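This report concerns only the one structure given below.
The values are calculated or read from the model by the stated rules, or taken from the named source; none is laboratory data. Predicted, not measured: the structure shown is a model, and the values here were computed from it. Cβ atoms come from the backbone with ideal geometry, glycine included; neighbour counts cover every protein chain shown. The accessibility values were calculated without ligands, DNA or RNA, using every heavy atom of the protein model including side chains. Shrake-Rupley method; radii C 1.70, N 1.55, O 1.52, S 1.80 Å.
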Amino acid sequence: RYKLITILSIILPAAFVSVSVLNYRSAKEAMKKEITESSLPLLRDNIYSEIQSDILPALNISSAMANDHFLIQWARDGEKDLEAILSYLERIQRQYGYFSTFFVSDATQIYYHFSGINKTISPEDPHDVWYYDFVNSGKEYSLDVDNDEVRDNTLTIFINYRLVDRDGNFLGVTGVGIEMNSFSRFLEQQQEKYKRTIFLTDTSGIIQAHSDISLIEQVSIYDLPDIK
């Protein structure tokens, strides 16, 4: 009897511990599956909709600029009236409050900014690589995080749109810029609302937008301890 009691005293706790471990692992896997396949995707879609609602107006304005008859005709006519293009860009900037409005001519390589002629771009200038990369990509539009040289190298989200005439001739790139500080504050508000850390990355995992500006274009999600 004593041997039986001793054996049961060993087996029962061991069995209890084993069952508890199995239940814990099973519950943990079920919770992980529910979070990764249900809760987070739904939350991500909600947050994405919020981000879209913030970015969409700028996309629409950039698209309207790329289809504006005045801008197309002005570029086709040889960019003769400087005051006309500057007034056009300044009016859009003032009306919608964007940090930057611009047009880069493919014919002359001149970067027109609402505050004046910024520069003549060059493939040898590292600051101008964005233009040639975008043109060669063949995309209709793109969002690009870069420093705005005209405005004290302020970190900016640029929305670039191709300007093409009716015959399909490429004329240049136009669009608007959103100050990153402003967008970061928007992300911070969403973080408080959803109680989550929110950020955007490019396809290689480099952070492109975050409430902490020091991480932008400096950190990859593959280097973050909790995410890699």
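Values as computed for the structure displayed
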quantity	calculated
Kirkwood Rh and Cα Rg combined as Rg/Rh, region 103-225	1.02
Region 122-197, accessible surface, carbon-and-sulfur percent (1.4 angstrom probe)	40
Positive-end residue of 131, 225, 51, charge dipole of the chain with Cβ unit charges	225
Accessible area of the chain divided out per residue, in Å², using a probe of 1.4 angstrom	62
Assigned charges on the beta-carbon of Lys, Arg, Asp, Glu; the chain dipole about Cα centre (debye)	1860
Heavy-atom accessible area order for 187, 59, largest first, 1.4 Å probe	59, 187
Accessible-area ranking of 163, 56, 155, largest first, probe 1.4 Å	56, 155, 163
Dipole-positive endmost among 108, 207, 39 within the chain (Cβ charges, Cα centre)	39
Region 1-43 - percent of accessible surface contributed by carbon and sulfur, probe 1.4 Å	71
Option label - mean projected area of the Cα convex hull in nm² computed here, alternatives (1) 17.8; (2) 11.5; (3) 20.2	(1)
Probe 1.4 Å - accessible area at residue 127, Å² to nearest ten	80
Which of 92, 15, 142, positive extreme of dipole for the chain (C-beta unit charges)	15
